[in-house]
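The values are calculated or read from the model by the stated rules, or taken from the named source; none is laboratory data. Since we're looking at a predicted model, the values are computed, not measured. Cβ placement follows ideal geometry from the backbone for every residue including glycine, while neighbour counts extend to all protein chains displayed.
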């Protein structure tokens, strides 16, 4: 029997399983099985590749798979759900690095111009994904400052790097025997990944991480062209498409274009301070309890601050007490709440909050008028009414959760410092807003004690 | 093997298919979607296997082994963490 044919048929089966698995990810009921089916697809693909012609040394392959698999398994078991953005960023980087190495390794003396071009793509995208993801990881884990790092002439420097990469790649394709051009492509790609991510601030990370996710897929796709392998092309482009869609959703949720996120940051707009009328009205845990005790409909709007305070479990406790008190509780999740798409949903799911109580922004907004108390936990820009009311505001036009429409709004906040975007939030000064200052976990813990 | 135009044809079809599939994933599952996609991008392991295991120059061989290792982190870690996360998602029981 022809082994090559078996390998190719194996890839067809694997691709079908990936597609089917992703399709089942369309509903929370079937998602877990979908993921399992996708992993079976991967197993089929790997076995098919091992059967492929010309493989003579299995020990190194198996060794590499065991080492990598063990690292992956340990990471997957030990990571805290609050740290998922960092972990996904790091994994994106590994994917990029693997594609870079595959592209490099696929260089053969007899390679034609088309293959060399795809190898250059694979190295370029893989290299940018690797270092870009490492910087994103550093920012998310706060190993390096999460602030946008900008300097004069940044655009010029970046343009020069891009031109340098393109020229080096062109020279290498025409002189494949001169490895210096290859090293230049690798070095400049790695440098470009760093330069591309440092000017992007912490609050824009959902966009960056989605985009890097897409790059890791596109890098695999380019590597697929380099080694002439269908499985890589199909799987890589599925991942690429997924990342691009998430990137679009994130940009739309911030009412910003991708170019705006990637190249400008918020730094230029933070100067437009608008005078806000009204005064801050703090509330004590005691008084907040009396209001909640009388409420029949509560909406909880979480943000990154909930993850930082690790407050998701105590939030769930409060939700149960409210429900036992005959109150309806829902959550309003803004698409860019947190540091990656769906970050809040995973945290709350881990705390045993049923997913049908996690409402998207478009579902919760029409209901907001019938809500007695909206509790904002560690969110700021995503509930800022300036996005609707103040035309001069830098976030004007961004879709937000209209918490001010609720009868009462509780804002849990550490202090009066403004959000990541550095934008004044008129919500805090509204007549129906009460500020519950302090650590979110402690404040909610206090409410839980009052109830029980 | 196949020519470039055939590979491009596959690329075009799978990108469109990817858009159709992913558009249907609800926002609540976006994090597992990303980590699951991460695992799938570990498909590079398949390309790396061929390079690590064939008669090749030393450099190409070791680059291939490195790629196998890195991509395996993605595959195993990605699928396991996605499974762990999806295990949390429960419907309201009543």
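Condition check: within 8 Å of chain B (Cβ to nearest Cβ), in contact (Cβ under 8 Å) with a residue 24 or more places away in the chain and buried (at least 17 other Cβ atoms within 10 Å of the Cβ). Does residue A:45 satisfy that? Judged against the criteria, residue A:45 is a match.
For region A:37-59, filtering for residues that are out of contact with any helix residue (DSSP H, G or I) (no Cβ under 7 Å at 6 or more places or on another chain) and at pLDDT 95 or above leaves 1. Of the strands (runs of 3 or more DSSP E) lying entirely inside region A:298-391, the ones with 1 or more residues being assigned by TED's automatic domain parsing to the domain that holds residue A:436 and farther than 16 Å from residue B:26 by Cβ are found at A:328-333, A:373-377. With a requirement of 1 or more residues that are surrounded by fewer than 16 Cβ atoms within 10 Å (Cβ to Cβ) and under 16 Å from the mean Cα position of the chain (by Cα), the helices (runs of 4 or more DSSP H) lying completely within region A:162-273 that satisfy it span A:230-253, A:258-264. Is there a residue being in contact with a helix residue (DSSP H, G or I) (Cβ under 6 Å, 6 or more places away or on another chain), modelled with pLDDT of 90 or more, surrounded by fewer than 24 Cβ atoms within 10 Å (Cβ to Cβ) and within 7 Å of another protein chain (Cβ to nearest Cβ) anywhere in region B:68-85? The answer is yes; a qualifying residue exists.
Residues considered: A:3, A:22. Of these, the only one that is in contact with a helix residue (DSSP H, G or I) (Cβ under 8 Å, 6 or more places away or on another chain), in contact (Cβ under 8 Å) with a residue 40 or more places away in the chain and within 22 Å of residue B:88 (Cβ to Cβ) is A:22.
In region A:397-414, is there at least one residue being at pLDDT below 85, in contact with a strand residue (DSSP E or B) (Cβ under 8 Å, 6 or more places away or on another chain) and either surrounded by fewer than 20 Cβ atoms within 10 Å (Cβ to Cβ) or under 24 Å from residue B:84 (Cβ atoms) (or both)? Yes: one or more hits. Among the criteria (1) within 14 Å of chain B (Cβ to nearest Cβ); (2) closer than 20 Å to residue A:451 by Cβ; (3) in contact (Cβ under 8 Å) with a residue 12 or more places away in the chain; (4) in contact with a strand residue (DSSP E or B) (Cβ under 8 Å, 6 or more places away or on another chain), the one residue A:323 does not fulfil is (3).
The residue that is surrounded by the fewest Cβ atoms within 10 Å (Cβ to Cβ), among those in region A:330-350 that are within 7 Å of chain B (Cβ to nearest Cβ), farther than 19 Å from residue A:252 by Cα and touching a residue at least 60 places away in the same chain (Cβ under 8 Å), is A:350.
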